[in-house]
1. Would you work out the relative contact order for chain C, in percent, from Cα pairs under 8 angstrom that are 6 or more residues apart?
2. Using 1/(1 + (r/R0)^6) with R0 = 56 angstrom and r between the beta carbons of B:His368 and D:Arg197, what's the FRET efficiency to the nearest 0.05?
3. Can you list the distances in nanometres, one decimal and ascending, from the D:Ala155 label point to the identical position in each other copy, with the point 7 Å along Cα to Cβ?
4. Taking the Cβ of A:Val342 as the centre, find all other residues whose Cβ is under 12 Å away and add up their charges (Lys, Arg: +1; Asp, Glu: -1).
5. With bins 10 Å wide starting at 0, give me the P(r) of chain C over every alpha carbon pair, in whole percents.
6. How much accessible surface area, in Å² rounded to 10, belongs to the heavy atoms of B:Ser18 with a 1.4 Å probe?
7. Please report Rg over Rh for region C:306-374, where both radii come from the alpha carbon positions and Rh follows the Kirkwood definition.
8. Beyond 13 Å, what share of the Cα-Cα pairs of region B:198-260 is found? Please give it as a whole percent.
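The values are calculated or read from the model by the stated rules, or taken from the named source; none is laboratory data. Quantities reported herein were computed from a predicted structural model and do not represent experimental measurements. Every residue, glycine as well, gets a Cβ built from its backbone with ideal geometry; the counts of neighbours run over all protein chains shown. For the accessible areas, the whole protein counts, side chains as well, though only heavy atoms, and no ligand, DNA or RNA atoms are used. Shrake-Rupley method; radii C 1.70, N 1.55, O 1.52, S 1.80 Å.
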Protein chains: 4
Amino acid sequence: MLLDKYNEVRALTEKICSPLKTEDYVVQPIVDVSPPKWHLGHTAWFFETFVLKPHLQGYVEFDINYNFVFNSYYETIGNRVIRTDRGNLSRPTVDDIYQYRKYVDEHMRFLLQNEANDEKLIELVVLGLNHEQQHQELLYTDIKYILGHNPLFPAYDDTQFSTTGSNEVSGMIGIPEGIYQIGFEGEGFSFDNESGRHKVFLNSYKISTALVTNREYLEFVQDSGYQNFKHWHLEGWEWVKHNQIKAPLYWYFINDEWHQYTLNGLKPLDMEAPLCHISYYEAHAFADWLGKRLPTEFEWEAASGKFNWGKRWEWTESAYLPYPGYKKEEGALGEYNGKFMVNQMVLRGASEVTSPGHSRASYRNFFHPYLRWQYTGIRLAE
Amino acid sequence: MLLDKYNEVRALTEKICSPLKTEDYVVQPIVDVSPPKWHLGHTAWFFETFVLKPHLQGYVEFDINYNFVFNSYYETIGNRVIRTDRGNLSRPTVDDIYQYRKYVDEHMRFLLQNEANDEKLIELVVLGLNHEQQHQELLYTDIKYILGHNPLFPAYDDTQFSTTGSNEVSGMIGIPEGIYQIGFEGEGFSFDNESGRHKVFLNSYKISTALVTNREYLEFVQDSGYQNFKHWHLEGWEWVKHNQIKAPLYWYFINDEWHQYTLNGLKPLDMEAPLCHISYYEAHAFADWLGKRLPTEFEWEAASGKFNWGKRWEWTESAYLPYPGYKKEEGALGEYNGKFMVNQMVLRGASEVTSPGHSRASYRNFFHPYLRWQYTGIRLAE
Amino acid sequence: MLLDKYNEVRALTEKICSPLKTEDYVVQPIVDVSPPKWHLGHTAWFFETFVLKPHLQGYVEFDINYNFVFNSYYETIGNRVIRTDRGNLSRPTVDDIYQYRKYVDEHMRFLLQNEANDEKLIELVVLGLNHEQQHQELLYTDIKYILGHNPLFPAYDDTQFSTTGSNEVSGMIGIPEGIYQIGFEGEGFSFDNESGRHKVFLNSYKISTALVTNREYLEFVQDSGYQNFKHWHLEGWEWVKHNQIKAPLYWYFINDEWHQYTLNGLKPLDMEAPLCHISYYEAHAFADWLGKRLPTEFEWEAASGKFNWGKRWEWTESAYLPYPGYKKEEGALGEYNGKFMVNQMVLRGASEVTSPGHSRASYRNFFHPYLRWQYTGIRLAE
Amino acid sequence: MLLDKYNEVRALTEKICSPLKTEDYVVQPIVDVSPPKWHLGHTAWFFETFVLKPHLQGYVEFDINYNFVFNSYYETIGNRVIRTDRGNLSRPTVDDIYQYRKYVDEHMRFLLQNEANDEKLIELVVLGLNHEQQHQELLYTDIKYILGHNPLFPAYDDTQFSTTGSNEVSGMIGIPEGIYQIGFEGEGFSFDNESGRHKVFLNSYKISTALVTNREYLEFVQDSGYQNFKHWHLEGWEWVKHNQIKAPLYWYFINDEWHQYTLNGLKPLDMEAPLCHISYYEAHAFADWLGKRLPTEFEWEAASGKFNWGKRWEWTESAYLPYPGYKKEEGALGEYNGKFMVNQMVLRGASEVTSPGHSRASYRNFFHPYLRWQYTGIRLAE
């Protein structure tokens, strides 16, 4: 059954890439975006490095140079390619990398068939699959950035990513004061950053059932929201001025009409769809403009059973910090989450490009406040 | 009585500057440090702008250009001098600025004598005095930076700033699980960021009675703490490598012996004194190396009656975020705190250069994680 | 006959690219290097813009967006893609661009067959072919940079680019004082920057018959040439320190032996081959170390009939400035050369990757002093 | 008599500084400007280092740390203070430096009285005095920058620096084709960069008797000269756009009228005065707009007896390169000129703030093309 899951997840990664041209696999327009071929190679490298090499006797690496090329930020493993250099590497080619994946898959299948009961192995493979699902989401967002910043505005494909009509009826739910249990609980997989279920005291609060829509955000834009410093954090305001930000990412004002680039190409702005591609700074300023605020991650989790979510990753007012009793793992896997716990904000929920079954109410995503290329949105609190 | 306090605080600012040469008032070696003459002018400008102009009928500004020069970050008030430019301004001269202070003081005294019962006025003056006390601390730290980065290593003066023997006996205090009240309570002055007393649930924890000493930190240095990425946040590690950090600020290894620059000049490192001038990154890495951690700001406040503090500003594991129910003030004073609530870490306590009576258990200081020029230290938790 | 020349030049461009993988066409590791697919598109765009659109009635552009993508620095024509962005564009694909070339070629052939006697047209086509030959050379140097900075060090192909044994017998030729004629003379094509034949007075001088070899330059490296500021221009010395330059580009010290990356892959350093891939700063410092100097471009041209050249572009001691009576052309083609006449140094000669028949004694190439990715070498004077 | 000259030159330096406030001596608003106190110390350091230490037996340095502080770019002498750091140093104080000058002067006077016939000594002292005169000019231009970029626009003093009416009658002089002798000839002092008198062949040309006036340049500004790329070098155009240049340095458009900051304060633009404070890029673009050009430095020198000059340093079309037979001196003094001979343009003439008797027809000044804080002007040729 783990083998089935393995096959399914690995196949999805390649399916996501199937509409791409070879050239689309190669480029890296900004440092936060990785070339799709790097994602393909890196997720194979993860299984090779953490599963095959330590657990499959006699395993021979596909290419010893690949550790240098496909390592991401695991300083324990070896010298990594400087992140900004990923887009400069034409080799290994896309074909080479698909060969690499095939080679790793064959050995993984052999291992999973023969060591199906090794607990430690299963744990590592499950981690590797969750890791690959994270990269599936990044593949979508990175591909969108690559195509959406090309002057020809090519579409990724024709399938519907539209979220029109998918939003909830607007309204506020009241949550009473009290002690709430926060953090992962249960049987399945979870990351170390969401473990350590613990009590948090919350004051009474209200949280919105619906996500903010493009229409609502457009009012902020039209009310000179980007020109009025009083709604912004100081560094958010400097970010706005320095980058001349005037609207969410992928919004274009063409022939007197607002458009947005989508994976289906450039389209008129869908007013009822949930807003996305805004930074934490913008989320905060919008809430301030309305006289409201963002929920904390604890408020979000405590109320998460009471509204539908999963369309947008939702910015919270919480910085990404360790839970009480947080303990990072030994070795290279200990670098997975803990080293990022400074200067990032927590997002909760999931988005339309999150892999099926990948998220949960206790899941903690996190990004720097200025980043917008994920499907980030806003749920209000007060 | 407020007049007495006014006279006392204003006089202390000038006393702090009295050992300086005229040239020392002018320079700005890094963007975070302001020239002492700017602090002198800015604290006068604060009273002129927020007290005298709105409350003293017929008040005539000392010089209308000063608003442009001495504004800091109050975007509501007018175009500010770009912060990096402060060290480029030779005029107004130091004498001009002392004249400005004298002019403002004369009008303030007149106002305080004649409007001694105006509640709103009193509130503003008290805020101005607390604001000036914050700048008194910055004056010490900025002067230390200016003199401590001069190749001649001039002393500020000969008075003792030594903290030898001042540290507590080392030990851990246990604090039980429970709900604690956090935030300012009482009659006196407090800032908006510490208001909104509220309940926080804390797990049981231990917190150290003593601050980390130079001796203890030197062991970390000698155990290659600055060469081992596994103790560091990713961005802390990049900060170490990019800036080639090898020890706390002001530590110099000369003739096989560690020295530190102090306000009394360059001295051999005082092993028993509490460590200071480290970044949050270093504080975190040191705690990780010891298998411990920093306390959260809530843990610190809940335990703060059980140990002596006030020698070092203490880094906490908490990001600087609004308390539940935080409401920023209307108008320019609303910019005082709220706009900084992103990407900074909270410090608690006070330091040897904090003005008398300025801090309290609920006081929240905050700096970016990479900053070291304040008297920052470490208290451990577990 | 111009049609034959057209076909020949255009075919050579594609032949140069034939060993590439699709991915190699896309990347731009540094701002000075352009992706091969951009060179392919830009040279087609040149003919479309300056020949087909003004001279072929009824011509329909292949794609109106291509002007935006393939323009280089012709500000008169339209908004150009910021040069650093070229490596971010995955579309148009390599196939698209070959289609574009085919489309342009078909129309060019039609035009050349039907308007074979139009003087203005012929002039423009000849300029376009010389322009394309310049890009052929850049294709080689850019491909070398792309492959030579890949951690897998792939070879471009197996053909011999070796220059072993090709150097002349070392020796100095004396040239007497006198007035020399400098600049292009004759019937064929020349660029505007070499026109305006004029008299220059030269003192007597000596110039070397041979180019500096790798062996000779290695002595400079081993004599701490890169550690001794006295041989360097101030800004050359800052360049050395800032970039930690220790040897020519593509030199690697591996297993106690010097290697160089070549288009055939990584090879032991060929000691007798002419040195290449050095900056002007290095050329100057090497000459200074030997107590010699580089020739001026006038000395070079006056003596150019007396030695064999064509293996390396040779740095001269001359800044790139207009000849007396220099007149830039009207319109967009006037931007071809004149706008670069500041802060660049002149190179004379040609290199092993210069297209056949492209250079001549009066040809003036030019680069910024810090650039090394061309086949730059040294001829000494005194 | 050399002693008299010494006293006169040294006194002039201090006279130039006499209108300054202490604070004005300290700041460094841009990297190209040095704090006046640094000029004062550096010119004393020059005599201490190159004259007193090697030639006055038993001489004891005033302060051994001063070599570190006042060295400029003489890498042979010791570690220099990074140039950008000069404005960060509050110590030594202005008083300290005047004491330093007094100490050096006393020893210099003793030496000059006792070793009046030592040829080598005389040569060094004369060099030191010419060096100090160069810094006198820099003092004026740096002081102007410091005060002219202060929002209070303080005047340096009330003496007249006006050049109204000082310009020549406009007209062109024709110079015939022929061989001209270029470079210093005669008995007095000259720098190594102007030595090596040599023959240059010049085509016939015309050169203007008058300098370009503010009125003439204003026409270029009003004819959108700063918006039309076709007159500009590519890197000049990028400089204009990046720095949003719209007029010469110190020009301000206030209340619908053009003003200029002068050493007497802010004044309406003097239309008939010679233009100054423009970059080479602007000089070139202006000439191009008029269909003319700048003279080469050889054309300038060959014609220099035929017009009055000395009001503005005049940009030429010549890059700063060694004359034939240029030989830099041995030791630290060899760094004086030669190391700057790349990427700078030659200026000829002198300006209203050049010290009396300091310039001559063969004098070669040089600056990077983007610099404007000198009294740079334009003489046209064709």
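1. 18 percent
2. Details: r = 61 Å, r/R0 = 1.08.
With R0 = 56 Å, the Cβ-Cβ based efficiency is 0.40.
3. 4.6, 7.2, 7.8
4. Computed value for this residue: -2.
5. 5, 22, 31, 26, 13, 3, 0
6. For B:Ser18, solvent-accessible area is about 80 Å².
7. Across region C:306-374, the Cα-based Rg/Rh ratio is 0.98.
8. It works out to 74 percent of all Cα pairs.
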